[in-house]
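The next block holds one structure in the form of structure tokens; read it before the comments.
Derivation of every value follows stated rules applied to the coordinates shown; laboratory data play no part. It should be emphasised that the depicted structure is a prediction, and the values quoted were computed from it without experimental measurement. Here the Cβ is made from the backbone with ideal geometry for all residues, glycine too, and neighbour counts use every protein chain on show.
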């Protein structure tokens, strides 16, 4: 079942003279997990804020389709976690969830059971009784997730959910997201490509307020990935000069060398790696590692960003 | 209505936990008591200051109770106003500045309820503090100075309370328009002082200005006859408050966060 949940048409935002988002259009299907990728300053947060209803778009439309028909007020169906969630430091975690749940329209009985459930789910059962002022960054992020999900939204919107966290916090949040995405449609922005590859199945890459590329992760991989050879040789002078010479061979379309490593874009991986190895052997060069594969999402991202 | 109560409960809890419910009424109570106590002991204070020539006696005509009450209102008009503005200036801007409003307004909440809860909590704090302070002043005046005419004191107190409401509403309006706390305090206090001074300088043009409320209430206490313009000023003041509220609610709606 692939029904469209969110329909964005020609969305734009202008701050005085500067156009931050320049008419972007995309759809998000129900049950998918989409990542909004882009470098800092590309317009991710502005786009997300408009989707969450915090900013008034300068043009275009955002439509949330619930059971196939558009809604006038999409806020009841959206859960939102801002980039740096800020809470009332004088409230306890439990109090904030109760407050958030009731604001979202749950009855006081519903909100009590949901609060207990979500505190458990995000691992804050014990800390819930403490004041939020004493929480760490990771705990705040998890509490933020809980408050975004407490009313069981159709669409969960997250702005850079893991960028500011340490590795453990990141892993916690990503594991939670893996679980959540089974029940809810998720849209999140990030510049950490690894995270996007790990959990999402659709990507929207934006650059300078424009969509640079979009599609399902598989499709993007198939269409844009290029055959690449990563080669590492020893640090001695002879190996280095051989590496530089190897990059100049006619089967290498494009190359980047740094230290004893080289990344070469080639037409045919198999042929090229065979030729490289033979050449290395004839010059008595030690190859430390040779990886014949495809360009990653990160390579694509860099290409898109720098283009 | 349910959301209004939710917001209101949260505001009350915040004011309690930040001890606003403790120190604002205490300051108002202190301000209220100081005037009658100082007036009562003025001769002794002067005597103990000790640099009077020997044999010199001072006779101070003891003021009437109503006069002391009027002086108390003068105290409120300087320090009291400042305390009031400082205690509520970040009520709206603070949440927008910190970013917590992003989470609140992403939920299906009503902006009018939000603003109304801010107003209601401000009005309760101001009313409770002023009533406590005024009652304290009245009690000590009765004990130490002399009788105060009940009808005049109640009317003067109510009119003065209306003026504090006006200043509080003005501060909340500024809080919805501006971000820096210093700017909010400066504009609100400045505007309140200007308004109340203008009614002294240009009484003809500001007959019904809310700024004339402090003077009207002082005159009521001193002269004990209904000053002209009290009713008009009160009505205009209430209308201003409603107007400020509407602008603030609209501002909350269009400026949900700082992104």
Using a Gaussian network model of chain B with C-alpha springs under 10 Å, which one of B:216, B:235, B:184 is most mobile by mean-square fluctuation? B:235
Percent antiparallel among DSSP beta bridges confined to the protein assembly as shown, rounded to 5, stands at 70
Over all pairs of different Cα atoms in segment A:225-306, the reciprocal of the mean inverse distance gives a Kirkwood radius in Å of 12.9
Is there a simple number for the mean count of other chain Cβ atoms within 10 Å of the Cβ of residues in A:101-111, and what is it? 3
Calculate, for residue B:57 and residue B:13, the FRET efficiency according to 1/(1 + (r/R0)^6) with r their C-beta to C-beta distance and R0 60 Å; round to the nearest 0.05. 0.60
If you average the sequence gap of Cα pairs under 8 Å that are 6 or more apart and divide by the length of segment A:31-149, what percent do you get for the contact order? 26
Only helical DSSP H runs with n ≥ 4 go in: add -39500 (n - 2.57) per run for chain B, normalise by residue count and round the 222 nm mean residue ellipticity to 500 deg cm²/dmol. -25000 deg cm²/dmol
Measure nothing but the geometry: give the 0 to 90° angle between the long axis through the Cα atoms of B:65-75 and the longest principal axis through the Cα atoms of chain B, rounded to 10°. 40
Mind sorting A:202, A:226 by how few other Cβ atoms lie within 10 Å of their own Cβ, fewest first? A:226, A:202
Roughly how far apart, in whole Å, are the Cα centres of segment B:66-86 and segment A:288-304? 73
Within the set A:49, A:239, A:216, GNM on chain A using Cα springs under 10 Å gives the largest fluctuation to A:239
Dimensionless Rg ratio for the protein assembly as shown, taking C-alpha atoms and the 2.2 N^0.38 Å reference: 1.38
Tilt of helix B:150-177 relative to the longest C-alpha principal axis of chain B, in degrees (0 to 90, nearest 10)? 40
Using only DSSP helix segments of four residues or longer, with each worth -39500 (n - 2.57), what per-residue ellipticity at 222 nm results for chain A after dividing by its residue count and rounding to 500? -11000 deg cm²/dmol
